[in-house]
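Trainee: Attaching a single structure in structure tokens format; questions to follow.
The values are calculated or read from the model by the stated rules, or taken from the named source; none is laboratory data. Source: prediction; values computed, not measured. Glycine gets a Cβ as well: all are built from the backbone with ideal geometry, and neighbour counts include every protein chain shown.
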């Protein structure tokens, strides 16, 4: 009798780049349809900020319905991700410049950052899908720092509006699944920097 392949479990950390939430929802849904277990992790900003794109509580409820999983909302809830080795991989999508800067400098003052730190201790892939207005400004050095950290992988990204926002870059959220597949094999998907579609 053939042994059933173990289901992959992914932690999906969401931070406050609200304009990308619709594309992120689609990416989560596709991953669930591929048979991957997705556990959502919501940053404090996501939990408490209504915005022109979404109402916070409605959006979180929607993500929990898509995944069929209860979200992680607090630092104490995120801390066991490490010792219990809860995730095969962890995805931060969208990852704001603020979250990226703190991660690059070892700051753990939010649910999102605790989830990332706890997961990294297990030497398993952490995938970052950036969405920041200062990727080619103050945060460029943090992208460089994180690109050189073992077990961190980037979803390919590009300038989203180079005429009006010259330093802004956003990940191609439709490539999250491909990035995960490569990262689970220890590979960074290439090219990392791609023109906007």
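Trainee: Identify the residue in the stretch 37-53 that is surrounded by 18 or more Cβ atoms within 10 Å (Cβ to Cβ) and under 16 Å from residue 22 (Cβ atoms) and, among all such residues, is nearest to the chain's Cα centre (by Cα).
Mentor: 40
Trainee: If you don't mind, there's one more thing I want to ask. What are the residues in the stretch 143-161 that are under 23 Å from residue 123 (Cβ atoms), surrounded by 14 or more Cβ atoms within 10 Å (Cβ to Cβ) and over 16 Å from the mean Cα position of the chain (by Cα), if any?
Mentor: Of everything in the stretch 143-161, just one residue is under 23 Å from residue 123 (Cβ atoms), surrounded by 14 or more Cβ atoms within 10 Å (Cβ to Cβ) and over 16 Å from the mean Cα position of the chain (by Cα), namely 145.
Trainee: Which of the residues spanning the stretch 23-56 are part of a loop (DSSP other than H, G, I, E, B), under 15 Å from residue 71 (Cβ atoms) and modelled with pLDDT of 95 or more?
Mentor: Matches in the stretch 23-56: 43 only.
Table: residues versus (1) under 24 Å from residue 184 (Cα atoms); (2) over 17 Å from the mean Cα position of the chain (by Cα); (3) crowded, with 20+ Cβ neighbours inside 10 Å.
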position	(1), (2), (3)
71	yes, no, no
74	no, no, no
87	yes, no, yes
102	no, no, no
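Trainee: Then there's this: In the stretch 20-40, how many are in contact with a strand residue (DSSP E or B) (Cβ under 9 Å, 6 or more places away or on another chain) and closer than 16 Å to residue 131 by Cβ?
Mentor: Number satisfying all stated conditions: 6.
Trainee: If I go through the stretch 127-142 residue by residue, how many of them are over 9 Å from residue 168 (Cβ atoms) and either surrounded by 23 or more Cβ atoms within 10 Å (Cβ to Cβ) or touching a strand residue (DSSP E or B) at 6+ places or on another chain (Cβ under 8 Å) (or both)?
Mentor: Residues in the stretch 127-142 being over 9 Å from residue 168 (Cβ atoms) and either surrounded by 23 or more Cβ atoms within 10 Å (Cβ to Cβ) or touching a strand residue (DSSP E or B) at 6+ places or on another chain (Cβ under 8 Å) (or both): 5 in total.
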